[in-house]
Structures are given as structure tokens and as C-alpha cells.
Amino acid sequence: MSPGEANRNGASERPTAQIFLRPLGSPLTLGMSGLAIASLVQSGVELHWTPSDQTFQAGLILIAVPFVMQLLACIFSYHARDGATGAAVGVLATTWLAIGLIHIAAKPGATSGTLGLLLVSAGGVLGVSASAIASTKALPGAIFGAAAVRFATAGIYQLSTVAFWGHAAGLLGLLVTALALYATLAFELEGQCERAALPTFRRGRAAAAIRDGASSERDRLVVEPGVRETT
């Protein structure tokens, strides 16, 4: 049919857009699992629970386990159109990678001003993402915020070499481990039961996604980046 015939028949010249939705599991479970593992391993180093000659092994663990888990969580967070969470777990993943590489390359027990600057800056960036996440998902926001404080504290230790800050970072890491384990359980139960089984303190869009299901997502999909005409 020619364009003229289409117009005479009332048909639109604009092509019809089709949108296919692909359901994704929450990447927060994977990201929080990696955070719990990494925080406990690194706290063991900072609190001297592991012998200094095993720092190399701690570095290998940080690279092989939490880095990979949180990198995957970062990728799938962006697929789920959750840029703030993607940014947070991306910062965590690459920071654990850097810490692991320094554990492998440096002398056990040595401090590094360069690592200190990385940790302080990573804590600042992670804190910004945490504040954005907390606007709708208070539990992940609080956990990422605690991880940001932990990174900043560890960075102060690396810069100052004062033992107090190293022990404080280790203790904060244990708190982050406990919170991340709770969040992992809460989000996994939420996914299995399709409702909030444990308090997660969702608000706004995040609460509506659980309460209203896919209908709330379809209603706002038309204004998502890649669907609307301008970003």
C-alpha cells in the first residue's frame, strides 16, 4: 500500500513501536551477598584475625568472589533501569578489586597513601549514591552509606597509619556484613513470596513496584530513557 492510500484509509505513517519486557531477578541479592563476603574478609585483615602471611590469600578472595558478584550486580542493575544501585555496586566492585590487587602486590601489613586516597574518594562517591538510593529504598541506602563510612575510615587509616582507624574500619566492616546478610535474606524472601516478608523500608516507586506489581512499571515505561524522545 502506498503512503497516499494509507492516508486515505486513515492509517498513520508513523511505524508502530513494540516494547518487550524481560523479567529480571533483583540484583540486590547478589550485590549484598558480595558485600557481606568482602566486608568480613577485609575485617579479618584489619582486625588481625588472619595471619599477616595470609594477606595474599585475602587479596585473591576479594578478586575472585565479591568483585565478580558485584560486577554482575552492577550490570543487571542497569538492565533493570536502576542507575543509582548500579553505580553503588560498581564502585564497590572496583574498590574491592583494587584492595585485592594491593593485598597481592604489597608487603603484608604495609599502608599506602595511594590506597587511602582511593578509599576516601570511593567512600564519598558511594555516599552520594547511597543518599539517592535511600529516597526510595531505605535499607540498601543505609547499607551502602555504612559501607561508605567504612571505606572512608579505612582510607584515614591508610593515610595516617594510626591503628585506631584500622580497628574502627574493621568493626564497621562487621556491621556492614550483618546488615548485608539481613538485606540478602529480606530481598530473597521478597522475591520468593512476591511480597515483603521482612521490613525493607521501601518508599515511593520501590514500594509501588512490590505493591502493584508489573502494572506500575508498565505505566511509567513510556517515559523511560530509550523510550521517550529525549533523555
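The values are calculated or read from the model by the stated rules, or taken from the named source; none is laboratory data. Since the model is a prediction, treat every value here as computed from it, not as a measurement. When we count neighbours, we look across all protein chains shown, and the Cβ atoms used for this are built from the backbone with ideal geometry, even at glycine.
Scanning segment 41-51 for residues that are of a type outside the set (Phe, Trp, Tyr) and surrounded by fewer than 20 Cβ atoms within 10 Å (Cβ to Cβ) yields Gly44, Leu47, His48, Thr50, Pro51.
Among residues of segment 35-52 that are of a type in the set (Val, Ile, Thr), those with a Cβ under 6 angstrom from a residue that is buried (at least 23 other Cβ atoms within 10 Å of the Cβ) and part of a helix (DSSP H, G or I), sequence gap 6+ or separate chain, pair up as Ile37/Pro66. Once segment 81-111 is narrowed to residues that are part of a helix (DSSP H, G or I) and not hydrophobic (A, V, I, L, M, F, W, C), the residue that is surrounded by the fewest Cβ atoms within 10 Å (Cβ to Cβ) is Gly83.
Residue-by-condition table, conditions (1) at pLDDT below 90; (2) under 20 Å from the mean Cα position of the chain (by Cα):
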residue: Ala122; (1), (2): no, yes
residue: Ile133; (1), (2): no, yes
residue: Lys137; (1), (2): yes, yes
residue: Val149; (1), (2): no, yes
residue: Ile156; (1), (2): no, no
residue: Leu171; (1), (2): no, no
residue: Ala207; (1), (2): yes, yes
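Hey, does segment 25-45 have a residue that's outside any helix (DSSP H, G or I), modelled with pLDDT under 95 and over 20 Å from the mean Cα position of the chain (by Cα)? No, because not a single residue in segment 25-45 is outside any helix (DSSP H, G or I), modelled with pLDDT under 95 and over 20 Å from the mean Cα position of the chain (by Cα).
If you go through segment 71-100 and keep only what is touching a Phe, Trp or Tyr at 6+ places or on another chain (Cβ under 7 Å) and more than 16 Å from Leu119 (Cβ to Cβ), you end up with just Gly86.
Against the list (1) in contact (Cβ under 8 Å) with a residue 12 or more places away in the chain; (2) over 16 Å from Val41 (Cβ atoms), the condition Arg150 fails is (2).
Is there a residue being part of a helix (DSSP H, G or I), in contact with a Pro (Cβ under 7 Å, 6 or more places away or on another chain), crowded, with 19+ Cβ neighbours inside 10 Å and not aromatic (Phe, Trp, Tyr) anywhere in segment 162-181?
There is no residue in segment 162-181 that is part of a helix (DSSP H, G or I), in contact with a Pro (Cβ under 7 Å, 6 or more places away or on another chain), crowded, with 19+ Cβ neighbours inside 10 Å and not aromatic (Phe, Trp, Tyr).
Selection of segment 112-126 for residues being buried (at least 18 other Cβ atoms within 10 Å of the Cβ) and farther than 16 Å from Leu159 by Cα yields only Leu126. On the basis of being surrounded by fewer than 16 Cβ atoms within 10 Å (Cβ to Cβ), modelled with pLDDT under 95 and either farther than 21 Å from Val91 by Cα or polar (S, T, N, Q) (or both), does Ala196 make the cut? Here the answer is no, as Ala196 does not meet what is asked.
Selection over segment 79-137 of residues that are β-branched (Val, Ile, Thr) and on the phi > 0 side of the Ramachandran plot gives a count of 0.
Could you list all residues from segment 71-125 that are charged (D, E, K, R) and within 20 Å of Gly166 (Cβ to Cβ)?
Answer for segment 71-125, where residues must be charged (D, E, K, R) and within 20 Å of Gly166 (Cβ to Cβ): just Lys107.
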